[in-house]
Amino acid sequence: MVGDVHTERDAEVLEGDTWLARVALRFTAFTERWLPDAFGFVLVGTFLIFALGLATGESPTTLVDAWGEGFWSLIQFTLQMAMIIIGGYAVAVSAPVARLIARMAQIPKSPRAAIAFTAAVAMISSYLNWAFSLIFTAILAKEIARVVRGVDYRALGAMAFLGLGTVWAQGLSGSAALQVAGPASSPEAVQEIIAEGRDGEGIIPLTETIFTWQSVLATFVVFVVAVVTAWYLAPSPARAKTAQEMGIELRPLLAEKDGKEDAASGSRGSRPGDWLERSPLLTVLVGILGLWYLVRHFTSVEGNPVAAIDLNTVNLVLILLALCLHWRPVRMVEAVRRGTPAASGVLLQFPFYGGIFGMIAFTGLSKQIAGWMVSVSNELLFPPLIAVYSAVLGVFVPSGGSKWVIEAPYVMEAANQLHVNQGWMVVVYDLGEASANLLQPFWMLPTLAVLGLKARDIMGYTFAMFLACFPVVLIVVTVLAQTLPFP
């Protein structure tokens, strides 16, 4: 009966709202019927690449051997990505951050302002760390929905995820930029191709990717367009579906956190080990140790200390910050325990992405694809072509880091041949890949789990956002590419 009511209400929106809303609802109906889950995407992608390899003349045995060789090639990167998710979750659910969220939820005063505010916070926080943003903004959206009457819970949920669909890869936890900035995270095959266009240097520092003025400007433009779009995407109060109407109970955030804190500190044991688990002593000592190391790490880099940022550094900062925010080790352990399930998709799927990478990088397939791109492109058209290609592939390989490993061999090879700036191609990849997250549900899952929603509830809104933002991405990557030199 509830489903029938929702269907009738959606039909009303279909007749009365803008063409963008109508397209969003139709797209949501299509995805519910036809698209597989995230693991299904990687399995389908495996055999698509296998078939592509056969079509280009590779033998089945060569492809099988390359698949097996690549299967565990991303094992270090897999752990790095899992730790980013867990560390980001642990930071977001700490008591001090919960109090911050409760104050922030009081800022917007109307449903439309609430949706635009959530979009802005999602993008700003994802620029700092995408995993933290997924949880932090979802918790904020839930608290806003409790405070602001009449706000559409579906639109609020979509905007809570918006950072992953726009600017996350341009920020401090952007996988591609961090990978090419350090040899530990970048496969040797990719480093060799990069070195061909950089006089033997196989890495690209962040100062030549996400911290160029062109990259910062592109990020700002996308941010402004997305916030304005969020403002106009908000449905009228008559058509809004609140959390209560969707059967979702909203409880005060601080009351939930205070109850958990009391439970954590109330059951004290008599053993010395119990005292250590609940004492901040070790937290303070480890915090000092970590800060000491980080200071030495950043000051050891000549020139710009930003060049010292890589995936391992980001993860260390997250873990130390989470530990200090939770204050007592027992609370940190509980936060990690609750956050670990969110990393299960990465642990299962990344080895299969490694197999796809192997079939592309360890055969002649990467050279073939690079040749195709060069043949249909030129220095002007190559950046928007890669942005479109990255968005399309991102629907089937929903991971910025592993997909970059798949694309990097032939994207960088083609960039070398066309004399396009390599660092800018990382930025182009970032913007195109992030856009794909608005079209598939994989990275929505942690946010949806917090909000109690399903992907079909928000994908109409994320698709509408894609239609607004992606053309802007194509324009800025094309225009700004002309301001950058090769190599």
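The values are calculated or read from the model by the stated rules, or taken from the named source; none is laboratory data. Just so we're clear, the structure is a prediction, and the values are computed from it rather than from any experiment. When we count neighbours, we look across all protein chains shown, and the Cβ atoms used for this are built from the backbone with ideal geometry, even at glycine. Heads up: the accessible areas ignore ligands, DNA and RNA and are worked out on the full protein's heavy atoms, side chains in. Shrake-Rupley method; radii C 1.70, N 1.55, O 1.52, S 1.80 Å.
See the values below:
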{"quantity": "Failed item in (1) at pLDDT below 90; (2) closer than 28 Å to Ala455 by Cβ; (3) open to solvent by less than 60 Å² (accessible area, probe 1.4 Å), with Ser110 passing the rest", "calculated": "(1)"}
{"quantity": "Residue among Ile360, Ile288, Ile319 that alone is farther than 18 Å from Ile86 by Cβ, surrounded by 13 or more Cβ atoms within 10 Å (Cβ to Cβ) and at pLDDT 80 or above", "calculated": "Ile360"}
{"quantity": "Filter result for the condition that a residue is at pLDDT below 90, under 22 Å from Tyr89 (Cβ atoms) and among the β-branched types (Val, Ile, Thr), over Val450, Val411", "calculated": "Val450"}
{"quantity": "The range 141-159, residues that are of a type in the set (A, V, I, L, M, F, W, C) and either more than 20 Å from the chain's Cα centre (by Cα) or under 21 Å from Phe220 (Cβ atoms) (or both)", "calculated": "Ile144, Ala145, Val147, Val148, Val151, Met159"}
{"quantity": "Test: Glu433 is part of a helix (DSSP H, G or I), modelled with pLDDT of 90 or more, under 19 Å from the mean Cα position of the chain (by Cα) and among the charged types (D, E, K, R)", "calculated": "yes"}
{"quantity": "Scan of the range 113-157 for residues that are outside any helix (DSSP H, G or I) and either modelled with pLDDT of 95 or more or polar (S, T, N, Q) (or both), ordered by number", "calculated": "Asn129"}
{"quantity": "Cross-chain or 6+ apart pairs with Cβ under 7 Å, the range 153-167 first and without any contact (Cβ under 8 Å) to a residue 40 or more places away in the chain and open to solvent by 10 Å² or more (accessible area, probe 1.4 Å), then outside any helix (DSSP H, G or I) and of a type in the set (Asp, Glu)", "calculated": "none"}
{"quantity": "Selected residue (only one of Ala105, Ala82, Ala51, Ala55 is touching a residue at least 40 places away in the same chain (Cβ under 8 Å) and farther than 19 Å from Trp404 by Cα)", "calculated": "Ala105"}
{"quantity": "Tabulated pairs, the range 466-480, first at negative phi, second β-branched (Val, Ile, Thr) and open to solvent by 30 Å² or more (accessible area, probe 1.4 Å), C-beta under 8 angstrom, 6+ apart or interchain", "calculated": "Leu467/Val23; Ala468/Val225; Cys469/Val225; Val472/Val221; Val472/Val225; Leu474/Val388; Val476/Val221"}
{"quantity": "Some residue of the range 455-474 being within 22 Å of Trp130 (Cβ to Cβ) and assigned to a loop (DSSP other than H, G, I, E, B)", "calculated": "no"}
